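The values are calculated or read from the model by the stated rules, or taken from the named source; none is laboratory data. Bear in mind the structure is a predicted one, so any value in this text is a computation, not a measurement. Cβ atoms come from the backbone with ideal geometry, glycine included; neighbour counts cover every protein chain shown.
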Amino acid sequence: MAYAQVQFAPWDKVYDFSLGKIEVRSGDFVIVETELGLELGKVLAVVEGKNSAENGKELKSIIRQATYDDIAQMPGPKKKEEALNFCRSMIERYELPMKLVDVHFSFDGNKMNFAFISDGRVDFRELVKELAAYFGVNIRLTQIGTRDEAKITGDCGPCGKELCCRKFLQEFSSITSEMAEAQQVVHRGSDRISGMCGRLMCCLSYEYEGYKEMAGKLPPLGTRVNVDGSRGVIVGHHVLEQSVDVKLNADKEGEKDMIIKVDINRHRKNKK
């Protein structure tokens, strides 16, 4: 059975909705009913198969596709900025350790969801009371990560292209230092392999498996080898070139050890 994955804000969770008799495609805007009221969301994908509904609950259905008028009635940049400015003033008033990033208005106008980042947990109960009294709607605050912030406010990466998180990434995967080490870019320094969010760049994951496969074809560091009759030990890898650095011991007293680059594939052919 097909279902749609719908998101209400770029930093919000992705929710599953039954298609019912509605035909939608990725990128369409739809009107759905949630436990907190009507919402306008964007279809990220239409999936065939078992959905992720918990405890066997039946998925709510998409009510209809959103019209131009539906989208036009949503609050524009001016109203959003006014809401953000007031919220920022209250954050300063209560001296809360949080940075406001974005606000989302529900389609029915009964709810506002403010997104913020913070290094730790924040007691924002008094802030919620102030916002609810001022706006007269249900208030929700959602703590997001720095990568979510970059997805909302970012522009171009060091490659000169639009940030991946803004263009096509729907979910963030874990990026580890192991990925950078496997691609031999750690020596560039953290500034050059980190994105606008300050975390390791998401693109480090794109070719990681390929690098791992290629690295697996090279002898491990420390392996003792014979190169044209001279004994040596492997001290470095060049994964893309499929070559290794071999340190050859000096044959005569007074001579220095020598490091040479050896093409593994060519060396194997010569051995045959």
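Quick look at the values:
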read-out: Looking only at region 172-194, and only at residues there that are under 27 Å from residue 100 (Cβ atoms) and in contact with a Lys or Arg (Cβ under 8 Å, 6 or more places away or on another chain), the one that is surrounded by the fewest Cβ atoms within 10 Å (Cβ to Cβ); value: 172
read-out: Per-region count, region 14-25, residues under 13 Å from residue 42 (Cβ atoms) and in a loop (DSSP other than H, G, I, E, B); value: 2
read-out: Hits in region 3-40 - residues which are closer than 20 Å to residue 74 by Cα, among the small types (Gly, Ala, Ser) and touching a Lys or Arg at 6+ places or on another chain (Cβ under 8 Å); value: 27, 37
read-out: Filter result for residue 214 (within 16 Å of the chain's Cα centre (by Cα) and surrounded by 13 or more Cβ atoms within 10 Å (Cβ to Cβ)); value: no
read-out: Residue list for region 242-266, restricted to those being at pLDDT 90 or above and not in a strand (DSSP E or B); value: 242
read-out: Unique residue being more than 29 Å from residue 241 (Cα to Cα), touching a Phe, Trp or Tyr at 6+ places or on another chain (Cβ under 8 Å) and surrounded by fewer than 19 Cβ atoms within 10 Å (Cβ to Cβ) when the list is 127, 131, 169, 96; value: 96
read-out: Breaking point among (1) within 25 Å of residue 72 (Cβ to Cβ); (2) under 14 Å from the mean Cα position of the chain (by Cα); (3) loosely packed, with under 15 Cβ neighbours inside 10 Å; (4) not basic (Lys, Arg), for residue 152; value: (3)
read-out: Sole exception among (1) over 25 Å from the mean Cα position of the chain (by Cα); (2) free of Cβ contacts under 8 Å to residues at least 60 places away in the same chain for residue 111, by number; value: (2)
read-out: Residue among 70, 102 that alone is more than 28 Å from the chain's Cα centre (by Cα) and under 17 Å from residue 40 (Cα atoms); value: 70
